[in-house]
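The values are calculated or read from the model by the stated rules, or taken from the named source; none is laboratory data. Since the structure is predicted, the reported quantities are computational estimates derived from the model, not experimental observations. All Cβ positions, glycine included, derive from the backbone under ideal geometry; neighbour counts span all protein chains shown.
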Amino acid sequence: MPSPPTSENDVKGADVSRGSRRHRRGLALAIAVGGALVVALPGTTSARIESGGGTGAAAGIAGRSRAELAAIGRLAELPARLRRTRSKPAREAAEGIVAQLALDPISGPVLAIWSLLHGMGRLADGAVDAGMVAPTSRAWLDELRLGPVIAGAFRALGYDEARAWEAVDLVRVFITLPRSSTVGGGPRRRLERLVAAWLADEDVRPFIRINRWEGIAWFNREAFEQLAAWMLVLDALEATADDTRSATEVGVALAESHRLQAALRAAGESSGYQIDRLVAETKPARSKVSPTGERGRTGGPRARGRRTVP
């Protein structure tokens, strides 16, 4: 039996080794699901694809998936890659990503399948608006009945039925999950836009377990914080899969996503995990209306203008 790691370097080596094993398992799963996708394509969807983006789009999707699969295998190295960056949020983000992946052995395989499926909407009829790629990919997951295929692949790896379908649910959520890098808008409005997009997403709502009790809509703290952590992981994959980005640029992207993750967690806690209060908590401060009907700041420096005579 191999002995446990005893030094800091041994521990890091063990983490990288586990990450590599997850990457290989994820790659094998992605290949299996990819084969099932090819089998499933004949029919109405295949006809749409043949009239759509064609070989060029398929090659682009395959290239992007390869880059993301390679990035999944390198996520464990992020803390070392960003160690010299001056951005503390970027370093904290990298450490948080590694911790999130270590929480659950299905993480790597789920991310690998996501990398294969989330862009397939580009194969739809004609030119697809960028904002419709993910929803189209998500719809095809159900139309092509890939859920049972994914669950079967996880069962073949030794996971029980419940865990296999948990993996399917994660893939569903990941495909359309609104993230820091996708919601757009200025920094002051990004949190509000992200929360609104989450609450409108048909897969996010059951994931964070929205329920109504005594007339109040509640959500689950653990699921909400897990989703915020996964948002950071997916943003990291997007950033690191792009070989043209420097370590500094990757750090900037991760720092921004990390700040939004922290803001989400803080808003969730302040809201008491009530939906209405969460929406209110995430709205940016607006200028208030004075009793005379004039707009202005409250609690700030005295406005310039006519001096008041005592």
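Odds and ends about this structure:
- Residue satisfying all of: in the stretch 203-231; at pLDDT 95 or above and charged (D, E, K, R); farthest from VAL168 (Cα to Cα) among these: ARG221
- Test: PRO105 is outside any helix (DSSP H, G or I) and either more than 16 Å from ALA255 (Cα to Cα) or touching a residue at least 40 places away in the same chain (Cβ under 8 Å) (or both): yes
- The condition (being crowded, with 21+ Cβ neighbours inside 10 Å and in contact with a Leu (Cβ under 7 Å, 6 or more places away or on another chain)) is satisfied by just one residue among ALA90, ALA124: ALA90.
- Some residue of the stretch 115-137 being touching a residue at least 60 places away in the same chain (Cβ under 8 Å), among the hydroxyl-bearing types (Ser, Thr, Tyr), under 18 Å from LEU237 (Cα atoms) and out of contact with any Pro (no Cβ under 6 Å at 6 or more places or on another chain): yes
- Failed item in (1) farther than 19 Å from ILE275 by Cβ; (2) surrounded by fewer than 18 Cβ atoms within 10 Å (Cβ to Cβ), with ASN220 passing the rest: (1)
- Search result, residues across the stretch 153-170 that are over 21 Å from PRO206 (Cβ atoms) and small (Gly, Ala, Ser): ALA153, ALA156, GLY158
- Single residue of the stretch 226-245 satisfying the filter (outside any helix (DSSP H, G or I) and either touching a Ser or Thr at 6+ places or on another chain (Cβ under 6 Å) or of a type outside the set (Asp, Glu) (or both)) that is surrounded by the fewest Cβ atoms within 10 Å (Cβ to Cβ): THR244
- Of the helices (runs of 4 or more DSSP H) lying entirely inside the stretch 35-89, those carrying at least 2 residues that are under 24 Å from VAL149 (Cβ atoms) and modelled with pLDDT of 50 or more are 54-74.
- Residue count, the stretch 144-168 (criterion: closer than 23 Å to ALA236 by Cβ and either β-branched (Val, Ile, Thr) or loosely packed, with under 15 Cβ neighbours inside 10 Å (or both)): 2
- Hey, ARG188 among the charged types (D, E, K, R), more than 14 Å from TRP114 (Cα to Cα) and at pLDDT below 90 or not: yes
- The set of residues in the stretch 262-286 that are more than 14 Å from LEU191 (Cα to Cα), of a type outside the set (D, E, K, R) and touching a residue at least 24 places away in the same chain (Cβ under 8 Å) comprises TYR273, GLN274, ILE275.
- Verdict on LEU141 being modelled with pLDDT of 90 or more and surrounded by 17 or more Cβ atoms within 10 Å (Cβ to Cβ): yes
- The stretch 274-286, subset part of a loop (DSSP other than H, G, I, E, B) and surrounded by 10 or more Cβ atoms within 10 Å (Cβ to Cβ), residue modelled with the lowest pLDDT: PRO284
- Each residue in the stretch 219-263 was checked for being touching a Phe, Trp or Tyr at 6+ places or on another chain (Cβ under 9 Å) and basic (Lys, Arg), and 1 of them qualify.
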